[in-house]
Structure formats: structure tokens, C-alpha cells
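Student: Could you have a look at this structure, given as C-alpha cells, before my questions?
The values are calculated or read from the model by the stated rules, or taken from the named source; none is laboratory data. In this text, all values refer to a predicted model and were calculated from it rather than measured experimentally. Cβ coordinates were reconstructed from backbone atoms using ideal geometry, including for glycine residues, and neighbour counts include every protein chain displayed. These area figures cover heavy atoms from the full protein model, side chains too; ligands, DNA and RNA do not enter into them. Shrake-Rupley method; radii C 1.70, N 1.55, O 1.52, S 1.80 Å.
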Amino acid sequence: MRREETRVIQIGDRKIGGGNPIAIQSMTNTRTEDVEATVAQILALEKAGCEIIRCAVPTMEAAKALAEIKKRIHIPLVADIHFDYRLAIAAIEHGADKIRINPGNIGDVSRVKAVVEKAKEYGIPIRVGVNSGSLEKELVEKYGGVTAEGIVESALHKVHLIEDMGYENLVVSIKSSDVLMCVKAHELIAKQCDYPLHIGITESGTLLSGNIKSSVGLGIMLYQGLGDTIRVSLTGDPLEEIKSAKLILKTLGLRKGGIEVVSCPTCGRTKIDLIGLANQVENMVADIPLDLKVAVMGCVVNGPGEAKEADIGIAGGIGEGLLIKKGQIIRKVKEEELLEALRQELLNWER
């Protein structure tokens, strides 16, 4: 399935699906009722590259806070609703650009219909979300456990329920913490509906395990053309989710721009603090708007040759390093001056 075959859905001022660029999402971990903290986190996420933000709405106070939050941010705002259909209605009335619901835990059909009618009135999309952990008992019994087939059947049942109510402004999200089950579920559902897919590996874990699981799962799905918005779900600072999502998209050639840092794994020849230097370089270049490859190499044996493939690079020596630009050694710099020398070269780079 090619991405351009999905429908186009409007979320605030952003279009997803139909071949539009894959949007990077995250979710705040502040109390939504705390407007100041929530706005501050969203603005930081915007700066990092977040393009759609989701906020938990567990209370009526949180639903009403969305109105003030919306005034002070610049990206579409999604309200995450569970259990209480009245919170979904209030979130829509207070400016949510999209709502995320699982119709299975909202209540009976009349309550789902009330939410759908309000979304229809305001013209905002509904993200129909199903997680493997909330799969209905009858589907678990039917398939002999939690399976990709069961997740897909559950999601499509909810999609058809809303379609029967006369609304097709939908985004579909089916997630599992089991990477291969999640991949299979997306492969199956892509053959059965053409709504945009929000993809991610749910409850993927901490920074290390979460990044590995998300990179594997999202990489497989995106390479097959599946996915119109993504979230890398990590137990940690949401800013890390954005960094990881951007790198996954860049690695697959689905996103351009920004500096890519490549560095060697170090060995016994390394005579400088390459690990510390590589991390400093990665942090330093995060806000420099250039589409370049920067190499950070640990020794002068292979460093100069390997750095030739980058636009600019460093090759470490004994307490010093070579600065290499477009394949040519341009000068030797003391170790403590390498970072600043590289920074100056990047700031003065001819655009």
C-alpha cells in the first residue's frame, strides 16, 4: 500500500494522509489543568520539531483548559479521552483540533453517537484508537489470545460504527507493545480501510528499549509505506520522542533537513574523549538549520578517510584533532578547541 492512497484528513492547519509529509506527534506529561506548565512543554516540543500534540483530558477542568492552551501554541492540539463521553464533547467545544477516543470504553452507542455528532458539528476528526491491552474479551476468546487479527477486527468494528453514524472524518490507530504483532496488524488493516494511520509501538519502554523497539517497528511499517503520523512512545522526557522520530524519518529518507552526526564506535587507538565530544557535537548542532553530515572520528588512522564521506568532520589525535571539510584537511586543532572550531565552521557555512 502506498501512502498516497489514504484519505486526506485536516487536523487544525495540518493535512495528513494522501501523500502529505508524515507528521511527528508527541503527548504532554504535565497535568493539562496546569495551563502554564502544559504550554511551556508544548512550546519546547514545537521548537524540537513536534508537529501535532496530544494532551490527556481526564477531568472537566482539563477539557476547559484546552481553550487557553490553544491560544498560546502553534501546532494542532489533540484531546485524549477515555471513559467519559462528556469530556470528549467539552474538549471539542473548547477548541480541540482532533479527539482521540476508544469507542469501546466511552459507553453505549448513544454516547458514542453524541460525541460523533459534536465532532460533526465542529468539523474535527476523530482518532479511533485500539490498543492490544484493551482488546474485547470475546475477540481474545475468538482468536485464542491477543492477536493482530483481533486488534484489526476490533478497530474496524469501531470504524464501521462511526461510519454508520454518517461520519468518515477519521484517523485510525492500532497499537501493541509487541513489535511484530503491531507490524502485522498494520499490514492487515491497510488492506481493509483507507483512513490515515497513526503509528507507534505503545508502552515501548525506557529511552534504550523504547528507541530500539520503536525504530524496528516504525522502520518496518514506514518502509512499507504505512503510516501518516508517528509517535515514538518513550518513558521519559517527551523531547526525546521528537529527536527519535526525526532521526527515524531521516534514516528512511522520509525527512530532509537538519544536521546528521556520524561517529565511530571508538577503539584502543582513540586518544581523545570521543564519546563526550560526539555527544557535545550532537547537542550543539540540534538548532543549526543546515542539511549536512558531520563526522566525529576517534583517530587519525581511519578518521580522515571516513570523514571524507561527510561534509565536515573531526578526526582525533593525541590531545588534538584534524578538522576536515569536504574531504580536505583544513587545520589541526587542540582537543579543547575542537568543538568551538567545528561550531564556527558550521555557523559560517555557505548556504
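Student: Within the stretch 154-200, take every residue that is of a type in the set (S, T, N, Q) and open to solvent by less than 10 Å² (accessible area, probe 1.4 Å) and give me the one that is nearest to residue 225 (Cα to Cα). Write out each step before concluding.
Tutor: The first filter runs over the stretch 154-200 and keeps only residues of a type in the set (S, T, N, Q), leaving 154, 169, 173, 176-177, 192.
Cutting the leftovers down to open to solvent by less than 10 Å² (accessible area, probe 1.4 Å) gives us 154, 173, 176.
On the way: 154: 23, 173: 15, 176: 19 Å.
Top of the filtered list is 173.
Student: So, one more: What number goes with the only condition from (1) open to solvent by 20 Å² or more (accessible area, probe 1.4 Å); (2) touching a helix residue (DSSP H, G or I) at 6+ places or on another chain (Cβ under 8 Å); (3) in contact (Cβ under 8 Å) with a residue 12 or more places away in the chain that residue 123 does not pass?
Tutor: Here residue 123 meets the rest and fails (2).
Student: What helices (runs of 4 or more DSSP H), lying completely within the stretch 195-303, carry at least 2 residues that are closer than 30 Å to residue 158 by Cα? Reasoning before the result, please.
Tutor: On the way: elements: 207-223, 238-251, 274-285.
Ranges flagged: 207-223, 238-251.
Student: With the structure loaded, tell me whether residue 203 is at pLDDT below 90 and surrounded by fewer than 24 Cβ atoms within 10 Å (Cβ to Cβ) or whether it fails that test.
Tutor: On the way: at pLDDT below 90: yes; surrounded by fewer than 24 Cβ atoms within 10 Å (Cβ to Cβ): yes.
So residue 203 passes the test.
Student: Exactly one of these conditions fails for residue 33: (1) within 23 Å of residue 164 (Cβ to Cβ); (2) surrounded by fewer than 19 Cβ atoms within 10 Å (Cβ to Cβ). Give me its number.
Tutor: Just one mismatch for residue 33, condition (1).
Student: Regarding residue 106, is this residue more than 25 Å from the chain's Cα centre (by Cα), modelled with pLDDT under 95, of a type in the set (A, V, I, L, M) and surrounded by 18 or more Cβ atoms within 10 Å (Cβ to Cβ)?
Tutor: On the way: more than 25 Å from the chain's Cα centre (by Cα): yes; modelled with pLDDT under 95: yes; of a type in the set (A, V, I, L, M): yes; surrounded by 18 or more Cβ atoms within 10 Å (Cβ to Cβ): yes.
Criteria met by residue 106.
Student: Would you say residue 134 is under 23 Å from the mean Cα position of the chain (by Cα), open to solvent by less than 10 Å² (accessible area, probe 1.4 Å) and among the hydroxyl-bearing types (Ser, Thr, Tyr)? Please lay out each step first, then the result.
Tutor: On the way: under 23 Å from the mean Cα position of the chain (by Cα): yes; open to solvent by less than 10 Å² (accessible area, probe 1.4 Å): no; among the hydroxyl-bearing types (Ser, Thr, Tyr): yes.
No, not satisfied.
Student: Out of (1) surrounded by 23 or more Cβ atoms within 10 Å (Cβ to Cβ); (2) touching a residue at least 40 places away in the same chain (Cβ under 8 Å), what's the single condition that is false for residue 44?
Tutor: Evaluating residue 44 over (1) surrounded by 23 or more Cβ atoms within 10 Å (Cβ to Cβ); (2) touching a residue at least 40 places away in the same chain (Cβ under 8 Å) leaves (1) as the failure.
Residue-by-condition table, conditions (1) within 23 Å of residue 241 (Cα to Cα); (2) open to solvent by 10 Å² or more (accessible area, probe 1.4 Å); (3) free of Cβ contacts under 8 Å to residues at least 60 places away in the same chain:
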{"position": "7", "(1), (2), (3)": "no, yes, no"}
{"position": "16", "(1), (2), (3)": "yes, no, no"}
{"position": "21", "(1), (2), (3)": "yes, yes, no"}
{"position": "38", "(1), (2), (3)": "yes, no, yes"}
{"position": "52", "(1), (2), (3)": "yes, no, no"}
{"position": "67", "(1), (2), (3)": "no, yes, yes"}
{"position": "75", "(1), (2), (3)": "yes, yes, no"}
{"position": "84", "(1), (2), (3)": "no, yes, yes"}
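Student: Continuing with the same structure: Starting from the stretch 195-222, take each residue that is within 20 Å of residue 15 (Cα to Cα) and in contact (Cβ under 8 Å) with a residue 24 or more places away in the chain and list its partners that are open to solvent by 50 Å² or more (accessible area, probe 1.4 Å) and of a type outside the set (D, E, K, R), counting only C-beta distances under 7 angstrom and pairs at least six apart or across chains.
Tutor: What qualifies is 222/252; 222/254.
Student: If you take the residues of the stretch 316-345 that are within 17 Å of residue 294 (Cα to Cα) and out of contact with any strand residue (DSSP E or B) (no Cβ under 7 Å at 6 or more places or on another chain), which of them is modelled with the lowest pLDDT?
Tutor: Residue satisfying both the conditions and the ranking: 327.
Student: In addition: If you take the residues of the stretch 326-343 that are assigned to a helix (DSSP H, G or I) and open to solvent by less than 70 Å² (accessible area, probe 1.4 Å), which of them is farthest from residue 282 (Cα to Cα)?
Tutor: Checked the stretch 326-343; the qualifying residue farthest from residue 282 (Cα to Cα) is 335.
Student: What pairs can you find where one residue is in the stretch 173-189 and hydrophobic (A, V, I, L, M, F, W, C), the other is assigned to a loop (DSSP other than H, G, I, E, B), and their Cβ atoms are less than 6 Å apart, with a gap of 6+ or different chains?
Tutor: Listed pairs, sorted by first residue: 179/201; 182/176; 182/201.
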